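Okay, so here's the structure we're looking at.
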Amino acid sequence: MASSTNFGYNIGDVLKKYLDDPIFVLNKDYEFEYATEILHLKNIGLASLGGKITDILHPNDSQSGVEFLQNVSKFEHAVVTLRVRYGDNFRFYEFKGQLFKNQAQETKYLITARDVTLIKKNEEDWNKKEEELKKLTENMQEIRFWKLLLTKDEKTSFQKSVAFEKKYRQIIDNIKEPYFEVDLNGNFTYVNKSFTQMYGYSYDEIVSKNYSQLMNK
């Protein structure tokens with residue numbers, strides 16, 4: 001298929017200039033044959049085309065990179081997230097691979113990549129905050145005492161009931177430690193009295209805010 005059209009543009013030139021996500025073409029030896037100019041080769045540790053894709057990966061991700069390409073060969077497409085060398089650091093990229101054949105019927109790998117570093121960082125921050133919150137609630141004396149009063153069967157049935165939620169809120173709302181809950185977007189969905197007193201907002205004012213708005217003050 002020709003890269004130019006009767007509409008007055010060359011699709012290859014358009015992709016190079018306007019596409020934010022880099023595109024690679026690899027040969028059967030996993031060597032670069034093509035890379036969009038948006039991802040400067042020097043930033044990923046390559047002086048020119050010809051190096052292998054594993055050369056730009058974090059050492060601990062090299063084997064995962066090979067397995068990714070093997071899966072592309074086996075299933076004709078695959079997706080993986082790997083760390084890519086970028087200057088003196090590494091960034092997370094989501095790679096999508098697919099096979100195609102050139103005019104000589106040689107098998108090539110078409111690889112598109114998307115920088116997901118910020119997404120990974122937010123995901124790690126969220127998991128860390130969730131784990132810290134879990135530890136906080138598990139260590140609260142009131143919660144531990146309440147759990148000791150329940151048998152195993154009572155815990156199972158009680159946790160499924162509306163009464164569980166009501167009793168849990170009563171305990172949380174009257175403890176001295178600040179306690180809060182947020183949704184996946186970081187928006188407050190619940191805070192206890194100690195939390196409102198610490199920040200000087202009413203309950204209604206806080207639950208309409210995002211976690212970052214309070215933490216940055």
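The values are calculated or read from the model by the stated rules, or taken from the named source; none is laboratory data. Since the model is a prediction, treat every value here as computed from it, not as a measurement. Cβ placement follows ideal geometry from the backbone for every residue including glycine, while neighbour counts extend to all protein chains displayed.
Checking the structure you have, find out if any residue of the stretch 24-37 is modelled with pLDDT under 65 and either assigned to a loop (DSSP other than H, G, I, E, B) or outside the structural domain of residue 69 (by TED's automatic domain parsing) (or both).
Initially, the stretch 24-37 is screened for residues modelled with pLDDT under 65, giving 37.
Narrowing further to those that are either assigned to a loop (DSSP other than H, G, I, E, B) or outside the structural domain of residue 69 (by TED's automatic domain parsing) (or both): 37.
Yes, the stretch 24-37 contains a residue that is modelled with pLDDT under 65 and either assigned to a loop (DSSP other than H, G, I, E, B) or outside the structural domain of residue 69 (by TED's automatic domain parsing) (or both).
Looking at (1) modelled with pLDDT of 90 or more; (2) part of a helix (DSSP H, G or I), find the lone condition where residue 55 falls short.
(1)
Inside the stretch 183-217, can you point out the residues that are in contact with a Leu (Cβ under 9 Å, 6 or more places away or on another chain) and of a type in the set (A, V, I, L, M, F, W, C)? Walk me through it before giving the result.
Taking the stretch 183-217 as the starting set, the residues that turn out to be in contact with a Leu (Cβ under 9 Å, 6 or more places away or on another chain) are 188, 199, 201, 206.
Of everything in the stretch 183-217, those that are in contact with a Leu (Cβ under 9 Å, 6 or more places away or on another chain) and of a type in the set (A, V, I, L, M, F, W, C) turn out to be 188, 206.
Test each condition in (1) in contact with a helix residue (DSSP H, G or I) (Cβ under 9 Å, 6 or more places away or on another chain); (2) at pLDDT below 65; (3) under 26 Å from residue 88 (Cβ atoms) for residue 5 and report the one that comes out false.
(3)
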